[in-house]
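> Here it is, the structure, as structure tokens.
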Amino acid sequence: MTELSAATRDALLRVGTSTLTGILSRRGFKNMFMQEVWPIRPDGPRLVGLAYTMRFIPAREDKARNPAAGPIQQQAMEGCPPGHVLVVDARGDPRAASAGDIYCGRLKARGCAGIVTDGGLRDTEGVFKTGLAAYHRRPSSPPSGIVHQPVDIGLPIACGGVAVYPGDVVVGDGDGVVVIPTDIADAVAQEALDTTLYDEFAEAEVARGRSLIGLFPGAGEEAKRDFEAWKKARSSGS
């Protein structure tokens, strides 16, 4: 998949990572939610895009002046396609930043969807001001070269304990980041929309005092009938 369909992108922007992780689990994917990776601000933008990957290894003094080091990181910022998410394998180490506001500003200017790292981001106030969706473990002011050495882009990586392959679908909200295999993304997005609609119905019923039994998490026959009636009333505007 080189790009998401408009319908799938719109659907994924409307559903929660909690819903997506449940659907993925039922499909046999148990480890798709990144651990200890959160939005830089709770009021930041939602994230949906295809993964473009970069990997760090630990920095080493005799390689610190490797002329390829800087260009790899710059190439990631210049090579991440519009609509994609730069996903950075920082080995879960936030002692130095994976990127800062200027790099993130460049991603935003090029039309990229966001950045995700299991390390840290620096200049987070500036990153937020760029409008780029940004997720990390925690803020980290030191520059990346103190701890990290960029070694490759466009290969499978680990981020937040999840295997991320180039082209995977990456979705982020206030709870964190989930990864969806590209070949099931369309089906998962549609199922998530349907699930979200039922959850909205169930929330309304619970607020009215209805018991969870036969309602949630599994819908009984009565709940299914009531849900269909609720949808009809909703669509008619009554």
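> Please state which of the following conditions V151 fails to meet, knowing it meets all the rest: (1) of a type in the set (V, I, T); (2) buried (at least 17 other Cβ atoms within 10 Å of the Cβ); (3) not in a helix (DSSP H, G or I).
Among (1) of a type in the set (V, I, T); (2) buried (at least 17 other Cβ atoms within 10 Å of the Cβ); (3) not in a helix (DSSP H, G or I), V151 violates only (2).
> Within the stretch 1-55, which residues are hydroxyl-bearing (S, T, Y) and touching a helix residue (DSSP H, G or I) at 6+ places or on another chain (Cβ under 6 Å)?
If the condition is that a residue be hydroxyl-bearing (S, T, Y) and touching a helix residue (DSSP H, G or I) at 6+ places or on another chain (Cβ under 6 Å), then T8, T19 are the ones that fit.
> Scan the stretch 41-52 and report the pairs whose first residue is closer than 11 Å to G114 by Cβ and at pLDDT 95 or above and whose second residue is of a type in the set (D, E, K, R) and not in a strand (DSSP E or B), with Cβ atoms within less than 6 Å and a gap of 6+ or a chain change.
Between residues of the stretch 41-52 that are closer than 11 Å to G114 by Cβ and at pLDDT 95 or above and residues that are of a type in the set (D, E, K, R) and not in a strand (DSSP E or B), the close pairs are V48/R9; A51/D168.
> Across the stretch 160-192, what is the number of residues that are surrounded by fewer than 16 Cβ atoms within 10 Å (Cβ to Cβ) and more than 27 Å from G92 (Cα to Cα)?
Qualifying residue count, the stretch 160-192: 4.
> Name, by its number, the condition in (1) farther than 30 Å from L86 by Cβ; (2) of a type in the set (G, A, S); (3) not in a helix (DSSP H, G or I) that does not hold for A204.
A204 satisfies every listed condition except (3).
> Still on this structure, please answer the following. Of the residues that make up the stretch 137-152, is at least one closer than 30 Å to S25 by Cα, in contact with a Ser or Thr (Cβ under 7 Å, 6 or more places away or on another chain) and touching a residue at least 40 places away in the same chain (Cβ under 8 Å)?
The answer is no, given that none of the residues of the stretch 137-152 is closer than 30 Å to S25 by Cα, in contact with a Ser or Thr (Cβ under 7 Å, 6 or more places away or on another chain) and touching a residue at least 40 places away in the same chain (Cβ under 8 Å).
> Is it the case that R95 is in a loop (DSSP other than H, G, I, E, B), of a type in the set (D, E, K, R) and under 19 Å from the mean Cα position of the chain (by Cα)?
no
> Of all the residues that make up the stretch 53-73, how many are modelled with pLDDT of 95 or more and not basic (K, R)?
5
The values are calculated or read from the model by the stated rules, or taken from the named source; none is laboratory data. This is a predicted model, so every value here is computed, not measured. Because the Cβ atoms are built from the backbone with ideal geometry, glycine has one as well, and the counts that use them run over all protein chains shown.
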